[in-house]
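Some notes on the structure that comes next.
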Amino acid sequence: MSKKKTTAVGATVLSALVAGGVAFTPVATAQEPVQDSAFALGAEGLLNVSKIPHVQGEGKDHLVYTELPPGDQAILSAGVFNAAADDGFASASTADVGVNLPAAPLIGASLIKAECVDGEARTSLVDLQVGNEKIAIDQLKPNTELIPDPLQGIARLTLNKQEENEDGSTTVTAIAIDLLNSTQTLDISQATCALSDEGDDGDNGDNGDDGDNGDDGDNGDDGDDGNNGGDDNDGNNGGDDGDDSDNGADDGDEAGEDGKAPKPTPQPGNLEVTG
C-alpha cells in the first residue's frame, strides 16, 4: 500500500471515529491500583469506551449483544461479553466478535478469551480471521505481533499480550489492536491477577511439617502403664486373697452348692464304759 493511500485510509478511519459521535479526546481517569480484575472491552483514543463489563476484586458480570457506537457506524459488535474475578483469578471473554474499522477488512472471531490464575496467564482464540484470511493459532506465544497484509499501515494486532506489573501481578490481553500508531487502541478480553492469598501463605505451609509432632501420639506408649494396671489386676494379691478361701474350706460344716447338708465326717473318740 502506497504512503499516500495509507494516509488517505488513516484520515478515513479518523473521520469515521469522529462521526461515530463518541468523545473526541481521551478521557483522563485516575490511576487505579492493580488488583484481580477483568473486562471484556476497553478503548482509548478518539473512541473512548469505558471498560465493560468490568469486575474488580471479586464477582462476575456480562453483557449480551452490544454495538459500539450504536447504529450503522458501529466499530465493534459482540454477541456476549463476560468478566469474572476472584482471589488469584481473573477471566474475560468475548464471543462472536466483529471489529469493523473503516477502510479496513473485518476482524472477527468466534471466541476471544483471556485468563489469569495465580499470576499465570493464557489466551484462547477461536476462528480468528482478518477479512477472508484465517489466522492459524498454534501454540500462541506471549506478545505475538501480527500485521496481516490487509492491515499494513493501518493497524497492528498483538495476540496474548502479557505484562508484568510493579505490584507483582500479571495482565494478559487476548487481542490488543493499535490503530494508526496508537491514535486509537482497542483491548479485547483483558484479565489481571496476582498470586492468591492462599498461595502466598502456601510457602509457610511447610510449617505443616510440625504436624510430625503427631508422633507425640507415640506417647500412647504410656498406655503400657496400663499393663501395670493389668499387672495390679493380675491379682497376685487378689489371688493371694483367694488363698484365704482355703481357710473357708476348713469350715466344711457349711452347706454345699446344692443346698444339702454336708455328709457328717466320723470322728474318733474314747468313751468310758460303765457297768
Legend entry - From phi via Karplus (6.51, -1.76, 1.60), per-residue ³J(HN,Hα) for segment 136-144 in Hz, x at Gly/Pro: 6, 10, 10, 6, 4, 8, x, 6, 7
Legend entry - Around Asp36: net Lys/Arg minus Asp/Glu count, Cβ-Cβ under 10 Å: -3
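Looking at the calculated P(r) for segment 29-148, what percent of the C-alpha pair distances fall above 16 Å?
65 percent
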Legend entry - Net charge, Val172 excluded, C-beta distance under 12 Å - Lys, Arg +1, Asp, Glu -1: -2
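By how many nm would the segment from Gln73 to Asn181 grow when fully extended, if each residue of separation counts as 0.36 nm and the alpha-carbon distance is taken off?
Extra length available between Gln73 and Asn181 comes to 36.7 nm.
Once you have the Cα-Cα distance between Ile147 and Tyr65, take 0.36 nm times their residue separation minus that, and quote the gain in nm to one decimal. Before the final figure, lay out the partial values.
Details: separation 82, 0.36 × 82 = 29.52 nm, distance 2.76 nm.
Going from the current span to full extension adds 26.8 nm.
I need the calculated FRET efficiency for the pair Gln139 and Asp96, taking r as the beta carbon distance and R₀ as 25 Å, to the nearest 0.05. All intermediate terms of the calculation are to be shown ahead of the outcome.
Values: r = 25 Å, r/R0 = 0.99.
Efficiency, rounded to the nearest 0.05: 0.50.
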Inset, instruction - Report the local net charge at Thr185: Lys and Arg +1, Asp and Glu -1, summed over other residues whose C-beta lies under 15 Å from its C-beta. - result: -2
Legend entry - Net length gained if the chain between Asp197 and Asn48 were fully extended (0.36 nm per residue, minus Cα distance): 50.2 nm
Legend entry - Karplus (6.51, -1.76, 1.60) ³J(HN,Hα), θ = phi - 60°, over segment 44-58, in Hz, Gly and Pro reported as x: 9, x, 5, 9, 9, 10, 4, 4, 9, x, 10, 10, 10, x, 8
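In what order, largest first, do Glu145, Glu58 sit by accessible area if the probe radius is 1.4 Å?
Working: Glu145 120, Glu58 140 Å².
Sorted by accessible area, descending: Glu58, Glu145.
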Inset, instruction - Kindly flag which residue pairs out of Lys134/Lys161; Lys51/Lys141; Lys51/Lys134; Lys113/Lys161 have an alpha-carbon separation exceeding 18 Å in this structure. - result: Lys134/Lys161; Lys51/Lys141; Lys51/Lys134
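The values are calculated or read from the model by the stated rules, or taken from the named source; none is laboratory data. Note that the structure is a prediction, hence the values are computed from the model and not measured. Cβ sites come from the backbone with ideal geometry, for glycine too, and all protein chains shown count toward neighbours. Ligands, DNA and RNA are excluded from the accessible area calculation, which covers all protein heavy atoms including side chains. Shrake-Rupley method; radii C 1.70, N 1.55, O 1.52, S 1.80 Å.
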